[in-house]
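For reference, the structure discussed in these notes is given below.
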Amino acid sequence: MGKEKMNIGQAAEFLGVCRATLNNLHKTGKLIPETIYKTKTKCYSVSKLEDFLRRDKFTTTLAADYLGATLALLNDLELSGELVPNIQDKIGLRLYNLKDLDRIIKKYKMKEFFGEDKMTVVQTAEFLEVTKKALILWKKKGMLEPIIDPNTKLRYYEFTDVRDFIKNNKEELERERLIKVAANKATEIYKERVNLKIKKELRRIEKKELKKLRLKKLG
């Protein structure tokens with residue numbers, strides 16, 4: 001693959017994340033790969049990856065949600081120096097890089113904080129093939145309650161609870177899965193329309209400039 005294109009493995013290494021994270025970013029519409037028509041291979045342009053690194057930031061609430069942690073734990077990680085945010089001086093907004101958040105997740109996995117019978121919020125959403133918003137909704141309804149570890153304040157789900165939820169709420173689960181699929185599709189369609197508008201506008205500008213050059217030559 002050329003220098004301007006990267007396959008999934010190369011893109012994951014370039015961003016400093018795992019393949020699962022890259023796949024999750026694709027599902028959520030945050031970073032959609034291109035597909036080579038003949039081979040049906042998924043790839044990413046280097047410029048697109050560089051742009052993603054420049055813009056992909058998480059606010060405090062979103063960072064806590066991504067980690068499956070409480071705001072108190074996020075604050076502890078910041079105070080200990082393990083997670084350093086970028087602070088926007090003008091408005092005092094703290095933003096976290098995806099790379100740093102993934103590093104924290106990997107660190108907890110390396111320490112085997114969660115056993116085989118427990119799953120983080122992100123892992124549970126991926127396992128059930130739903131959005132994290134669905135988990136929040138089910139928590140409010142009392143259908144699937146997470147457990148907060150008293151020491152680390154991390155939220156996690158017992159595998160037995162998740163398994164029982166699947167058995168007893170098949171219709172609800174299927175509905176949320178369809179909502180996720182529809183949301184991803186809507187995001188893709190929206191981005192395609194935006195790209196089409198941009199291309200049309202660029203062609204219009206190009207034609208306008210060419211017309212000016214012709215008139216200049218004639219003059």
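Every number in this text was worked out from the coordinates using simple rules, so none of it is lab data. All figures in this text were calculated on a predicted structure; none of them were measured in a lab.
Please list, ordered by chain and number, the residues whose modelled amide H lies under 5 Å from the amide H of Leu31; skip anything fewer than 5 residues away on the same chain.
Those qualifying (amide H under 5 Å, at least 5 residues apart or on another chain) are His26.
Taking H placed 1.01 Å from N in the peptide plane, check which residues at least 5 places from Lys118 or on another chain put their amide H under 5 Å from its amide H.
Phe159
Would you mind checking the radius of gyration and Dmax of segment 126-206 based on alpha-carbon positions, in Å?
According to the Cα coordinates of segment 126-206, Rg and Dmax are 19.4, 62 Å.
Defining a contact as two alpha carbons under 8 Å apart and six or more residues distant in sequence, what relative contact order in percent does segment 114-219 show?
Once normalised by length, the contact order is 24 percent.
Amide H of Thr41: which non-local residues (sequence gap of 5 or more, or other chain) have their own amide H closer than 5 Å, using H built in the peptide plane?
Ile36
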